[in-house]
1. Give me the number: length gained by fully extending CYS31 to SER181, i.e. 0.36 nm times residue separation minus the C-alpha to C-alpha distance, one decimal in nm.
2. Given a Förster radius of 30 Å and the C-beta distance between ILE65 and ALA158 as r, what FRET efficiency does 1/(1 + (r/R0)^6) yield to the nearest 0.05?
3. Once you measure Cβ to Cβ distances between cysteines in the chain, which Cys have no partner under 4.7 Å?
4. Please compute the modelled spin-label separation between ARG77 and TYR106, points set 7 Å along Cα→Cβ, answer in nm with one decimal.
5. Over the chain, what number does the Rg to Rh ratio reach, with both radii from the alpha-carbon atoms and Rh per Kirkwood?
6. Identify which of ALA169, ALA15, ALA110 has the largest mean-square fluctuation in a Gaussian network model of the chain, with springs joining Cα atoms closer than 10 Å.
7. For GLU168 and ILE140, what does the FRET efficiency come to when R0 = 41 Å and r is the distance between their Cβ atoms, rounded to the nearest 0.05?
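Derivation of every value follows stated rules applied to the coordinates shown; laboratory data play no part. All values reported here derive from a predicted model rather than from experimental measurement. Note that each Cβ is placed from the backbone with ideal geometry, even for glycine, and that neighbours are counted across all protein chains shown.
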Amino acid sequence: MATTLISLSCNHCGAPLSIPEQTKFVTCKHCNSRLQVEHSDSAYFTSVLDRVVEHTEAAAGELEIIRLQNDLEQIDREWQMRRESLMIRDKRGNVSEPQDPGIAEYLVTAWGIIFCIVFICITLAIFPPMALFGGVALVITLLQATNNRQKRDLYASAHQRYRERRAEATKKLREAKERISA
């Protein structure tokens, strides 16, 4: 079987090339450019492979930046959803972040506990069955204080994880942008 040769020109230097019809890649003997042989329905032509590789690498870098930006946005969206689930509501329905208590909150809790203990002691002396209400109030006060502390700790640890994930994603994005611009 005879191999059919096709005539082309180097896309880089214009030198004539004669190659077998099935060839996909060729190196120009005149300028040493690596070429990709392409064909449409009726025409054959070459493109400089180095340029194709450069464009492909640039596109891959830009795609990486877009992926990293999407990752960063996803981290932010996940935090917003998590943050909303960790928010607390006050008696008026206002929503806020759980924060470390101020001295006033500690004093209110301490006074609540002291009041419950005094109530229990007095009612034990006067009417013992009434002391049960003081015991219930004491338990509720302690549970509320423990619950508030747990909410603050959970919020703080979730927020710390978010900041760490975001910092790592931001670092990767910055590095990818530096690679592209270099």
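1. Working: separation 150, 0.36 × 150 = 54.00 nm, distance 2.88 nm.
Result for the pair: 51.1 nm of gain on full extension.
2. Given R0 = 30 Å and the Cβ-Cβ separation, E is 0.60.
3. CYS116, CYS121
4. Rounded to a tenth, the inter-label distance reads 4.2 nm.
5. Working: Rg = 36.6 Å, Rh = 24.0 Å.
Ratio value, two decimals: 1.53.
6. Among ALA169, ALA15, ALA110, the largest GNM mean-square fluctuation belongs to ALA15.
7. Approximately 0.45, to the nearest 0.05.
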